[in-house]
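Chemist: Supplied in structure tokens, the structure appears directly below.
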């Protein structure tokens, strides 16, 4: 199956083999079209490649490599985004099972998603990201057996599982090029579109107008349970990545964060030794106390304002 720029579609397109117990084999699938509402479900494939800024949903897919020289079984490149869910299976031998590069994204968008490896053999990596990519597997269950290196997290990208370094199956430890970007969210910006049409900038920690984005193609629909997600899920996603909630934070959340910052300042500056030396007027201890106060005073002022606002609401 090949979908190219020459193909035009209107509205939502769903290609379904119809029988989940006896799915059709779609063979190799190549999608190079700027479509945004295209779904493949309940199927078998030897490999799927999505490029050219396409947005494709994949649900209940069984990828079976028929050629050990296949470069990747599930691949997003050139700004494409693949949302996956249900049961996603990999078997046979290939260079890589899951691959994203050149601003490609592979994102789990449904609850209770399982990625299963049926004695899959990776000649290179089970999961590989290169040259700017985003792979999010939060809440995913990885199961089965895979042989090969667990992952390669190349430059300027993210592989996020929430399961630690050994969360992805494999027999060889993964590699993260963290010095150049690796698997940390803050090395790259993300722009999430939610159901009400607003766009949230992860690094900016605020709502953005489309004119503020360096490239609108960098915008990704934040999806949850087979639909564009709302505000609550956006908040959960920001928390998951350890991002700044900005104006989305409640007064209680901001107060907790400020108290945590104050505690950290106390631990850093007001050590038992400093406190003991303050009692005898030690100059160094007094200087540390002054530094502590300079940083803590604005935070206490913010905290007091939040507490007053909370009392007025009550």
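Chemist: For region 218-244, which positions are in a loop (DSSP other than H, G, I, E, B), surrounded by 15 or more Cβ atoms within 10 Å (Cβ to Cβ) and at pLDDT below 70?
Modeler: If the condition is that a residue be in a loop (DSSP other than H, G, I, E, B), surrounded by 15 or more Cβ atoms within 10 Å (Cβ to Cβ) and at pLDDT below 70, then 241 is the only one that fits.
Chemist: In this structure, is residue 144 assigned to a strand (DSSP E or B), surrounded by fewer than 16 Cβ atoms within 10 Å (Cβ to Cβ) and in the same structural domain as residue 33 (by TED's automatic domain parsing)?
Modeler: Numbers: assigned to a strand (DSSP E or B): yes; surrounded by fewer than 16 Cβ atoms within 10 Å (Cβ to Cβ): yes; in the same structural domain as residue 33 (by TED's automatic domain parsing): yes.
Spelling it out, residue 144 is indeed assigned to a strand (DSSP E or B), surrounded by fewer than 16 Cβ atoms within 10 Å (Cβ to Cβ) and in the same structural domain as residue 33 (by TED's automatic domain parsing).
Chemist: Can you name the condition, by its number, that residue 247 falls short on among (1) at pLDDT 85 or above; (2) touching a strand residue (DSSP E or B) at 6+ places or on another chain (Cβ under 9 Å)?
Modeler: (1)
Chemist: Scan region 193-217 for residues that are modelled with pLDDT of 85 or more and surrounded by 12 or more Cβ atoms within 10 Å (Cβ to Cβ) and jot them down.
Modeler: 193, 194, 195, 198, 199, 200, 201, 204, 205, 206, 207, 208
Chemist: Please indicate, with yes or no, whether at least one residue in region 151-158 is in contact with a helix residue (DSSP H, G or I) (Cβ under 6 Å, 6 or more places away or on another chain) and buried (at least 18 other Cβ atoms within 10 Å of the Cβ).
Modeler: Applying the first criterion (in contact with a helix residue (DSSP H, G or I) (Cβ under 6 Å, 6 or more places away or on another chain)) to region 151-158 yields 155, 158.
This time we only want the ones that are buried (at least 18 other Cβ atoms within 10 Å of the Cβ), so: 158.
Yes, because at least one residue in region 151-158 is in contact with a helix residue (DSSP H, G or I) (Cβ under 6 Å, 6 or more places away or on another chain) and buried (at least 18 other Cβ atoms within 10 Å of the Cβ).
Chemist: Quick one: residue 73 ticks every box in (1) more than 25 Å from residue 190 (Cα to Cα); (2) in contact (Cβ under 8 Å) with a residue 40 or more places away in the chain; (3) buried (at least 20 other Cβ atoms within 10 Å of the Cβ) bar one, so which box is it?
Modeler: (2)
The values are calculated or read from the model by the stated rules, or taken from the named source; none is laboratory data. The structure displayed is predicted, hence computed values, not measured ones. Here Cβ is always computed from backbone atoms with ideal geometry, including for glycine, and neighbour counts include all displayed protein chains.
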